[in-house]
Amino acid sequence: MRDTKVTDCYIIELKKIEGQDARGSLSVIEKNVIPFESKRVYYLYDVPSDAKRGGHAHKELYQFLIPLCGSFDVVLNDGYSKKTFTLNKPNKGLLICPGIWRELENFSSGAVCLVLASEVYDESDYIRDFMAFKKCK
Ligand code: T46
């Protein structure tokens, strides 16, 4: 398990292109904006306000979470410290390193969480038992 800390996870602000007219905004993620190449994209939606997603850590996976719509909280835990990020702006995403336990909660109605992941889906990369996670850190 990577010896990462919650302080290794951080918000990345994306370029926001706002028109001079009423056509709204556009944000973009180009090469080198996030510190990995994305091999997978998935998204969470229709999440009830009392539901929690996550509840696991990854051994090697990097992920970048973007609140495309609405808001939600991401609670990170490195086994020693916890840090909560409220994601509520589509041009501000959260980078989560491997070796960090994460829980997503307090989803607002209609919230959509887009996730860019550094690897394809692999269940063997997950640690879903918190005590096992704590022992590895
Ligand atoms: C994470 C948080 C933010 C797939 O078949 N392919 C996929 O790419 C993913 C992500 C999931 N699945 C399957 C595996 C489970 O049978 O979808 C089901 C639900 O997955 P899970 O319970 O892991 O979903 P979340 O929302 O708790 O966690 C997901 C990601 O798995 C995880 O990496 O960090 O979103």
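The values are calculated or read from the model by the stated rules, or taken from the named source; none is laboratory data. Only a predicted model underlies this, so the values are computations on that prediction, with no experimental measurement involved. Using ideal geometry, Cβ is built from the backbone for each residue, glycine included, and neighbour counts are taken over all protein chains shown.
Structure above, values below:
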quantity: Looking only at region 6-28, and only at residues there that are part of a loop (DSSP other than H, G, I, E, B) and over 15 Å from the mean Cα position of the chain (by Cα), the one that is nearest to I127 (Cα to Cα); calculated: G24
quantity: Within region 51-72, considering residues that are under 15 Å from L87 (Cα atoms) and among the hydrophobic types (A, V, I, L, M, F, W, C), the one nearest to the ligand (Cβ to nearest atom); calculated: L65
quantity: The one condition in (1) assigned to a loop (DSSP other than H, G, I, E, B); (2) at positive phi; (3) of a type outside the set (V, I, T) that K31 fails to fulfil; calculated: (2)
quantity: V75 being under 24 Å from P48 (Cβ atoms), at pLDDT 95 or above and either touching a Pro at 6+ places or on another chain (Cβ under 7 Å) or within 11 Å of the ligand (Cβ to nearest atom) (or both); calculated: no
quantity: Single condition S81 does not satisfy, out of (1) touching a Ser or Thr at 6+ places or on another chain (Cβ under 9 Å); (2) buried (at least 16 other Cβ atoms within 10 Å of the Cβ); calculated: (2)
quantity: In region 99-111, residue nearest to I66 (Cα to Cα) [restricted to those that are crowded, with 18+ Cβ neighbours inside 10 Å and touching a Phe, Trp or Tyr at 6+ places or on another chain (Cβ under 8 Å)]; calculated: A111
quantity: Pick from region 41-50, criterion over 12 Å from the mean Cα position of the chain (by Cα) and more than 9 Å from the ligand (Cβ to nearest atom), ranking: nearest to V115 (Cα to Cα); calculated: Y45
